[in-house]
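**Student:** Here it is: the structure, laid out below.
The values are calculated or read from the model by the stated rules, or taken from the named source; none is laboratory data. Only a predicted model underlies this, so the values are computations on that prediction, with no experimental measurement involved. When we count neighbours, we look across all protein chains shown, and the Cβ atoms used for this are built from the backbone with ideal geometry, even at glycine. Heavy atoms of the whole protein, side chains included, go into the accessibility calculation; ligands, DNA and RNA do not. Shrake-Rupley method; radii C 1.70, N 1.55, O 1.52, S 1.80 Å.
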Amino acid sequence: TKYSKLIFGKSDTVPEELHQTVQEGFLTLRKHDCFFQDLVRIKGKDFVTPVSRILIGNPGCTYKYLNTRLFTVPWPTEGYDIKYCSPQIHDACKALIRLNDYLRIEAVKALQGQNWFETKEIKDTTVTDREQNFATSLTEKGSVSKDQSICCVPEDDYISLKNRTLYNLTLLNYMDPLQMLYLKQEPYFGMGSMAVSWHHDENLVERSTVAVYSYSCEDSAMEESNEQNLKGRDPAVWHVGLKVAWDIETPGLAIPLHQGDFYLMLDDLNMTHQHCVLAGFSPRFSSTHRVADCSRGTLEYIFGQCELALQNLQTDSDSMALSLKSLETAVVKQVEEIHNEVEFEWLRQFWFQGKRYLKCTDWWLKPMAKLEEFWRKMEIMTSLVLSEVGKEGQIEEQRNETISCFLLVLTERQRLRKEWTAR
């Protein structure tokens with residue numbers, strides 16, 4: 001009952017042809033050096049991840065974890081002109097969107113099966129207080145947190161099944177235990193060496209399902225041990241570990257993962273539980289399909305923010321001189337905050353990771369050039385504010401209010417520029 005929202009799928013339930021194309025895709029991306037270690041920030045310190053990753057998904061989507069924003073290598077999508085560096089990389093991305101579609105269907109089926117069972121259970125039993133509470137919780141499953149704007153979940157739980165499985169990207173991982181110099185031991189249940197420590201997945205739509213497809217490069221020597229007296233898990237085999245969050249009294253779970261196995265973390269399991277990856281002996285790929293919270297993480301969103309900011313900039317039709325339409329504190333604050341967002345959440349995040357995306361596609365170069373142009377205009381707007389508040393004849397109270405608000409945002413910008421320079 002503690003792990004009822006974890007669904008495990010054996011490899012023989014997945015079409016063989018899909019296995020073949022996806023696994024070839026993994027090896028292609030590895031051959032073209034498309035997996036990268038990320039520099040992430042934890043408690044103010046930078047660390048290089050032992051796991052190598054690449055993000056593939058909807059064009060213009062990003063995914064942020066541990067203060068690092070990853071930008072999708074777009075998978076083939078109708079209506080988008082996406083040029084890949086090689087036909088093989090195109091085929092790999094195409095295989096992953098097919099896997100995405102397959103796992104989504106499996107997740108919808110699993111959610112429908114659980115909902116039917118839970119609802120039937122309520123109808124067939126005498127309603128005690130506990131069961132009444134359970135019934136109430138079912139009707140509340142579709143509730144939405146107030147800060148979700150774009151990727152929101154409808155109130156009706158049945159309708160929301162599909163929304164909570166609309167995977168918009170997959171984070172691919174590559175792990176070679178022989179290249180990972182130090183593997184921590186699992187501290188609570190004696191599960192052995194961990195490739196990834198206990199964690200929740202970040203930046204997801206509330207109650208959305210996470211689907212994970214696993215491909216460990218096993219050969220006959222790496223197969224699970226047949227020794228009957230082996231205690232605990234087989235250290236040669238990769239496992240996913242699961243535990244109840246902030247609870248080491250309830251026994252943890254370790255499930256072996258072989259070539260082509262997959263698992264689904266349904267509904268709120270990612271929040272109520274933590275998971276880890278327990279290392280085997282052979283290299284392993286995984287494709288982790290997510291419904292990323294895109295409310296502040298798409299090109300459409302950030303371009304919209306830029307256009308909102310630039311509404312306060314006007315050009316004189318005769319002299320072509322630039323000026324600000326308004327010096328109201330709220331307007332200045334909004335523009336300068338968007339200015340910071342463009343610089344630190346997008347431009348610096350993208351270029352700080354270098355030209356690594358160019359190994360797959362140059363798709364992001366045009367939108368980044370457009371964002372840089374917006375940023376330059378916002379730099380001019382900052383100068384115009386400084387110029388205006390320095391002029392005589394301003395109402396003292398309004399001038400002081402504008403300066404106070406403006407300085408706060410500029411101080412934050414200076415702090416972040418120093419931090420990024422140090423990184």
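**Student:** Under the √(5λ) rule applied to the eigenvalues of the Cα gyration tensor, what semi-axes describe the equivalent ellipsoid of region 299-422? Give them in Å, descending. It would help to have the intermediate numbers written out before the result.
**Tutor:** Values: eigenvalues 179, 63, 24 Å².
Result for region 299-422: semi-axes of 30, 18, 11 Å.
**Student:** In the chain, carbon and sulfur make up what percent of the accessible area (probe 1.4 Å)? Don't skip to the answer; put the middle values down first.
**Tutor:** Working: 11600 of 21750 Å².
C and S atoms contribute 53 percent here.
**Student:** Charges at C-beta only: +1 for Lys and Arg, -1 for Asp and Glu. How large is the resulting dipole of region 299-422 about its Cα centre, in Debye rounded to 20?
**Tutor:** Values: 16 positive and 21 negative charges, 158 e Å.
Result for region 299-422 is approximately 760 debye, rounded to the nearest 20.
**Student:** In Å, what is the Rg of the alpha-carbon atoms in the chain, and how long is Dmax?
**Tutor:** 25.0, 88
**Student:** Based solely on its DSSP helices, what 222 nm [θ] is calculated for the chain when runs of n ≥ 4 H residues each add -39,500 (n - 2.57) and the sum is averaged over all residues, nearest 500 deg cm²/dmol?
**Tutor:** Details: 10 runs with 158 residues, N = 423.
Mean residue ellipticity at 222 nm (helix-derived): -12500 deg cm²/dmol.
**Student:** Going by average Cβ density within 10 Å per residue, which order do the peptides 207-214, 320-327, 358-365 take, highest to lowest?
**Tutor:** Details: 207-214: 25.2, 320-327: 12.5, 358-365: 17.5.
Per-residue Cβ counts within 10 Å, averaged per peptide and sorted highest first, yield 207-214, 358-365, 320-327.
**Student:** Which shape class, rounded, prolate or oblate, goes with region 312-378 when its Cα gyration tensor gives a ≥ b ≥ c as root eigenvalues, a/c under 1.5 marks rounded, and past that a/b bigger than b/c marks prolate?
**Tutor:** Values: a/c = 4.58, a/b = 1.92, b/c = 2.39.
Oblate.
**Student:** Once label points are set 7 Å from the Cα along Cα→Cβ at both Ile395 and Asp91, what is their separation, rounded to one decimal in nm?
**Tutor:** Label at Ile395, label at Asp91, 6.9 nm between them.
**Student:** Right, here's the next one. Cross-link list Lys31/Lys359; Lys43/Lys64; Lys43/Lys243; Lys83/Lys366; Lys31/Lys366; Lys355/Lys377: which exceed 18 angstrom alpha carbon to alpha carbon?
**Tutor:** Values: Lys31/Lys359 11 Å; Lys43/Lys64 16 Å; Lys43/Lys243 24 Å; Lys83/Lys366 12 Å; Lys31/Lys366 27 Å; Lys355/Lys377 25 Å.
Exceeds cut-off: Lys43/Lys243; Lys31/Lys366; Lys355/Lys377.
**Student:** At 1.4 Å probe size, with every protein chain present, just tell me what the per residue accessible area of the chain comes to in Å². Before the final figure, lay out each step's value.
**Tutor:** Details: 21750 Å² over 423 residues.
Heavy-atom SASA per residue in the chain reads 51 Å².
**Student:** Against the longest principal axis of the chain, how steep is helix 299-310, in degrees 0 to 90 to the nearest 10, with axes from Cα atoms?
**Tutor:** Value to nearest ten degrees: 20.
**Student:** Here's something else I'd like to know. When you count, for each residue, the other Cβ atoms within 10 Å and take the mean per peptide, how do 83-90, 27-34, 282-289 rank with the highest first? Write out the running numbers ahead of the final one.
**Tutor:** On the way: 83-90: 14.9, 27-34: 17.0, 282-289: 22.0.
With the highest mean Cβ count within 10 Å placed first, the list reads 282-289, 27-34, 83-90.
**Student:** Compute the distance in nm between two label points, each set 7 Å from the Cα along the Cα-to-Cβ direction, one at Thr411 and one at Ser295.
**Tutor:** With each label point 7 Å from Cα toward Cβ, the separation is 2.8 nm.
**Student:** If you don't mind, another one. If you build a Gaussian network model of the chain, linking Cα atoms that sit under 10 Å apart, which residue out of Phe36, Phe26, Phe281 swings the most?
**Tutor:** Taking springs between Cα atoms under 10 Å, the residue moving most is Phe281.
**Student:** Once the Cα atoms of helix 129-139 and of the chain are each reduced to a long axis, what angle between those two axes, in degrees from 0 to 90 to the nearest 10, is obtained?
**Tutor:** 50
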